[in-house]
Amino acid sequence: MGERDRRRAVVTGGAGFVGSHLCERLLDDGVAVTAVDNLLSGSESNLAHLLGRDGFAFVRRDACAPGALEDLPGGPFGLVFHLACPASPADYLRLPLETLETGSSGTRNALELAERDGARMVLASTSEVYGDPREHPQREDYWGHVNPVGPRSVYDEAKRYAEALVTAHRRARGTDTAIVRIFNSYGPRMRAGDGRAVPTFVRQALAGEPLTVAGDGGQTRSLCYVDDTVAGIVALAASDLPGPVNIGGEEETTVLDIARRIVKLTGSASPITFVERPGDDPARRCPDTSLAREKLGWAPRVGWQEGLERTIDWFAARAAA
C-alpha cells in the first residue's frame, strides 16, 4: 500500500461489534479513521473511548443513502472498509430490507468512494455465504448450499450479492478490492440480546438463567476472538490479495460444548435447556484458513479459554455497572 493508504481510512458500520474494534486497531496503528454508522444495530457507546482521539471522526449516517459517502471528513481515503450490515439473526430478521439494502446500495457506495479516491476497498463478508455446507471444512472455492428464500436468506444473499458486486467492480473498473469471509467472531462489545450463541450464553450464565441451546446442540461452530478477526482484516487490507479469504477459528466445537464451557468459566449454577432449532441453521461451520496462513501470515492467537474469559469479564463488568 502507498503512504496515503496507511494514513486515512473509512469504516462503515464503525459503531458495530467488529467495526469498533477495527477502528481502534487502525488508530493504534497510526491510521486516521472516519467511522460511519446509522446506529441501527451498532452503538455509539462502542466508540465512546475513541471520541476525542486525534485522527478519529464519527459520522452518524446511513451508508446506503445516495451520496452518503461523498462528503465525509478526513478524506481523501486510502482504505475503505465496508462492515455496515446487521450481522446477528435477531437483527437481520428484524431488519430484512435494510440488510439487503446494505449489501447492495451500501456496497455500491463504498465501491464508488474507493474508485473516486483510488483506495483499497475491503468487504466484510461472512461464512454464511456457504449456507448449510456440504463441504467441510469450508474452502474459499466452495460455492455454498444456500436457500435463497429461507429465513436467513436476507443476510446470506445480501453478502453473496455484495461479493458479486465487488468482484464485478474489480473486473470492470479495476477497483482495488478484497473480500474477507468472517467466521463466528466473538468478544467484548457484543450485545447481550443479539441472538448469537456466546453473548446469549454469557448473559444467561451470569444471570443464573437456563442456557438455551438450539436443537440438541450438536451443530458445530468455530470461534474466533475479535482481536484475531481484526488482525486478519488488517492483514488482508495490507496485501494485494483480492480474496475471498476465510478468517476464523480453527477449533470446531459443538454449540452444546460452548454452553458447557461458559457455565464452567462463569462458575454458574445455570442448567442447560434445549429449544427449537431455527430454520436453515447450519449443521457444521469450520473454515479452511490455509490461504490466510500462506498468503497473509495470519493465524488465530487467542485461545478459546482466554477469549471467553475476556468476554465474560467484560459482560460481568457491564452487569455490575
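The values are calculated or read from the model by the stated rules, or taken from the named source; none is laboratory data. Model, not experiment: these values are computed from the prediction. Methodologically, a virtual Cβ is constructed for each residue, glycine included, from the backbone with ideal geometry; neighbour enumeration extends over all protein chains shown. In case anyone asks, the SASA skips ligands and DNA or RNA and just uses the protein heavy atoms, side chains included. Shrake-Rupley method; radii C 1.70, N 1.55, O 1.52, S 1.80 Å.
Computed quantities for the displayed model
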| quantity | calculated |
| --- | --- |
| Single match in V149, V154, V198, V202 (criterion: among the β-branched types (V, I, T) and either touching a Cys at 6+ places or on another chain (Cβ under 6 Å) or assigned to a loop (DSSP other than H, G, I, E, B) (or both)) | V149 |
| Scope segment 125-145; condition farther than 23 Å from L236 by Cα, of a type outside the set (D, E) and under 19 Å from the mean Cα position of the chain (by Cα); matching residues | G131 |
| Candidate set: segment 133-179, residues that are touching a Lys or Arg at 6+ places or on another chain (Cβ under 8 Å) and in contact (Cβ under 8 Å) with a residue 60 or more places away in the chain; chosen: the one surrounded by the fewest Cβ atoms within 10 Å (Cβ to Cβ) | H136 |
| I312, sole failed condition from (1) buried (at least 20 other Cβ atoms within 10 Å of the Cβ); (2) touching a Phe, Trp or Tyr at 6+ places or on another chain (Cβ under 8 Å) | (2) |
| Candidate set from segment 113-129 (those that are assigned to a helix (DSSP H, G or I) and either among the hydrophobic types (A, V, I, L, M, F, W, C) or in contact with a helix residue (DSSP H, G or I) (Cβ under 9 Å, 6 or more places away or on another chain) (or both)); member that is most open to solvent (accessible area, probe 1.4 Å) | E115 |
| Criterion violated by V36 - all others in (1) out of contact with any Cys (no Cβ under 6 Å at 6 or more places or on another chain); (2) modelled with pLDDT of 95 or more; (3) assigned to a helix (DSSP H, G or I) satisfied | (3) |
| Extreme residue, surrounded by the fewest Cβ atoms within 10 Å (Cβ to Cβ), among residues of segment 6-42 that are out of contact with any strand residue (DSSP E or B) (no Cβ under 6 Å at 6 or more places or on another chain) and among the hydroxyl-bearing types (S, T, Y) | S41 |
| Test: residue in segment 44-67 that is open to solvent by 40 Å² or more (accessible area, probe 1.4 Å) and assigned to a helix (DSSP H, G or I) | yes |
| Residue in segment 221-261 that is modelled with the lowest pLDDT, counting only those that are buried (at least 19 other Cβ atoms within 10 Å of the Cβ) and of a type in the set (S, T, N, Q) | S222 |
| Near pairs, Cβ below 7 angstrom, 6+ apart or cross-chain, from segment 13-36 (without any contact (Cβ under 8 Å) to a residue 40 or more places away in the chain) to any residue that is part of a strand (DSSP E or B) and open to solvent by less than 10 Å² (accessible area, probe 1.4 Å) | C23/V11; C23/V33; C23/A35; L27/V33; A35/V11 |
| Any hit, segment 180-189, residues being under 19 Å from A90 (Cβ atoms), modelled with pLDDT under 95 and either open to solvent by 30 Å² or more (accessible area, probe 1.4 Å) or assigned to a strand (DSSP E or B) (or both) | yes |
| Matching residues, segment 84-119, being farther than 27 Å from D281 by Cα, of a type in the set (A, V, I, L, M) and over 17 Å from the mean Cα position of the chain (by Cα) | L111, L113, A114, A119 |
| Condition met for R196 (among the basic types (K, R) and either open to solvent by 10 Å² or more (accessible area, probe 1.4 Å) or over 26 Å from G13 (Cβ atoms) (or both)) | yes |
| In segment 265-309, the residues that are open to solvent by less than 40 Å² (accessible area, probe 1.4 Å) and aromatic (F, W, Y) | W298 |
| Odd one out for F81, checked against (1) outside any loop (DSSP other than H, G, I, E, B); (2) in contact with a His (Cβ under 9 Å, 6 or more places away or on another chain) | (2) |
| Failed item in (1) assigned to a strand (DSSP E or B); (2) free of Cβ contacts under 8 Å to residues at least 24 places away in the same chain; (3) of a type in the set (S, T, Y), with T212 passing the rest | (2) |
